[in-house]
1. If contacts are Cα pairs under 8 angstrom and at least 6 residues apart, what is the relative contact order of segment 18-135 in percent?
2. Figure the gain on full extension for residue 65 and residue 45 (residue separation times 0.36 nm, minus the Cα-Cα span) and round it to one decimal in nm.
3. Among 91-99, 17-25, how do they line up by average Cβ neighbours within 10 Å per residue, starting with the highest?
């Protein structure tokens, strides 16, 4: 899975900004996939996650925006769908719900020595871009 370039924050140590993508094409059958994000250079203690999902499988094309927080134990997020504000709080790091047949969500399943691992679950046809701020 292609990743986005990861950047440090100048003189600030043990903080990393980066990103990753996840695509799902699975109409009718939910899928689960664990995705490791590496290269941080440290084991993070907390993540702030911003995610955007787009689906052209529904008309009109929707975009969903998410802000999430995860410390490896507690997973929280809120999201907004393109046509409606949905202030739901999920037990996920990212919750991107377009409709019952097109959604993606993830949460941190491990904070690792050089990054973290996300467990993605989804259904339908979606492209997700996720940006994170990892802090030690």
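Coordinate-derived values only; no laboratory data. Please read all numbers here as calculations on a predicted model, not as lab measurements. Glycine also receives a Cβ, built like all others from the backbone with ideal geometry; neighbour counts cover every protein chain displayed.
1. With pairs under 8 Å counted, the relative contact order is 39 percent.
2. Gain on stretching residue 65 to residue 45: 4.8 nm.
3. Descending packing order for the listed peptides: 91-99, 17-25.
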